[in-house]
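I have placed the structure first, in the form of structure tokens, so that the comments after it can refer back to it.
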Amino acid sequence: MYAVENTKLERKLFGLTFKNPVGLAAGFDKNAVLYNELSNFGFGFIEIGTVTPKGQAGNPKQRLFRLKEDQGIINRMGFNNEGLETAIKQLKKNKGKVIIGGNIGKNTQTKPEDYTKDYLECFHGLHPYVDYFVLNVSCPNVGSHAKLNDKDYLLELISAVQKANNSFETQKPILLKIAPDLNEGQLDEIIELIAETNLDGVIASNTSTDRTGLKASEARLAEIGNGGLSGKPINEKSTKVIKYLATKSNKAFPIIGVGGIHSAKDALEKIEAGADLVQIYTGFIYEGPKLIKEINEAILKM
Ligand SMILES: Cc1cc2nc3c(=O)[nH]c(=O)nc-3n(C[C@H](O)[C@H](O)[C@H](O)COP(=O)(O)O)c2cc1C
């Protein structure tokens, strides 16, 4: 009902052929249990994870809040997932219907000197089972933000993962997922980083820690507490990041645009800003699977 089959929707990017450019963003199928079924909704790709080496419970509940008046969500799940071994077990059941991205991170308890080890463990473990990788360095709910925002550390991390990639017979594309809250100086650093490492692309963006302009009351937001904001309220912000990266780099690398896509128009704006592919999460929650069809049909008309 929701799949749009048309070769005009195909996108070739970092050596992969996506049957259409609309994907499911990370955090929905954290343990890779639903991707075979979710592919029937017509997604062109599905990103599983974030997977961490060991399983972890994440933050105490309640940790997910709908802001209905804003068409947004605040979450502080904190990388709740069953860990690498479970993800591998699940991915062995892949029926091959859709491109799978592996979004990887570090355990919350991991000491800063061992962050790279965590990413490498997940990278090695998932390498045979996913089509592309995402280094998630932008989750606002797992602490350690300072280190994962530091350019020197990111250089070290990316180099280590690329070295691991080269040890395999076939190499998998590696992307970096960034926050929507980076300023222009930080975005310039990301552009430099991609140029220096030849990384395959960027996913912009993760959830935001900024809460300005929300319809939800101060009292309600205070009651909710910490967490990353997603959905409509971050749409413009993430589109701005995509536009800045694409323009300033002269479109030097592929971009997956995500953040607040709740309509076909929102998706087209991301593509216009420089996104090669798009992903949805909160829009999928509020609008349902018809959103996938609407976006693909609008792209065909574009
Ligand atoms: C409940 C929830 C859990 C999420 N978990 C993850 C995650 O594990 N890893 C990740 O990279 N992004 C995660 N995200 C971020 C989304 O993948 C996406 O980048 C963000 O929500 C912006 O897109 P949206 O406005 O369409 O939701 C999560 C988002 C939500 C709402």
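Throughout, read-outs are computed from the coordinates displayed, never taken from laboratory work. Worth saying up front: this structure is predicted, and the values here are computed from it rather than measured. Counting neighbours? That spans all protein chains shown, and the Cβs are built from the backbone with ideal geometry, glycine included.
Here are the numbers for this structure:
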read-out	value
Kirkwood Rh in Å, taken over all unlike Cα pairs in region 255-302	10.4 Å
The chain: calculated mean residue ellipticity at 222 nm from DSSP helix runs of at least 4, using -39500 (n - 2.57)	-10500 deg cm²/dmol
Burial ordering of 262, 127, fewest other beta-carbon atoms within 10 Å first	127, 262
Choice from 19, 61, 151 with maximal GNM fluctuation in the chain (Cα, 10 Å cutoff)	61
Spatially proximal lysines relative to residue 151 (Cα-Cα < 16 Å; intrachain offsets below 8 disregarded)	177
Share antiparallel - DSSP beta bridges, region 27-176, percent rounded to 5	30 percent
For region 130-193: relative contact order, % (alpha-carbon pairs under 8 angstrom, 6 or more apart)	51 percent
All-pairs Cα distance distribution in the chain, expressed in whole percent, bin size 20 Å	36, 61, 3
Fraction of beta bridges assigned by DSSP in the chain that are antiparallel (%, nearest 5)	35 percent
Relative contact order (percent, whole number), region 1-138, Cα cutoff 8 Å, 6+ residue spacing	23 percent
Karplus-derived 3J(HN,Hα), 6.51/-1.76/1.60, for each residue of region 228-240, Hz, glycine and proline x	x, 8, 9, x, 3, x, 9, 4, 5, 4, 6, 5, 4
Long-range HN-HN contacts of residue 78 with modeled amide H, under 5 Å	59
Amide proton proximity set for residue 176, modelled H, under 5 Å, gap of 5+	135, 201, 202, 203
Per-residue HN-Hα couplings for region 157-170 [Karplus 6.51, -1.76, 1.60; θ = phi - 60°; Hz; x = Gly/Pro]	4, 4, 4, 5, 5, 5, 4, 4, 4, 6, 7, 8, 4, 10
Length released on extending from residue 16 to residue 153, taking residue separation times 0.36 nm less the Cα-Cα span	46.5 nm
Within-11-Å neighbourhood charge of residue 111 [Cβ basis; K, R +1; D, E -1]	0
Listed residue pairs exceeding 25 Å between alpha carbons, taken from 89/147; 54/97; 111/172; 19/163; 54/172	89/147; 54/97; 111/172; 19/163
Karplus (6.51, -1.76, 1.60) ³J(HN,Hα), θ = phi - 60°, over region 146-156, in Hz, Gly and Pro reported as x	4, 5, 6, 9, 7, 4, 4, 5, 4, 4, 5
Mean separation of Cα contacts under 8 Å (6+ apart) over length of region 159-218, as relative contact order %	41 percent
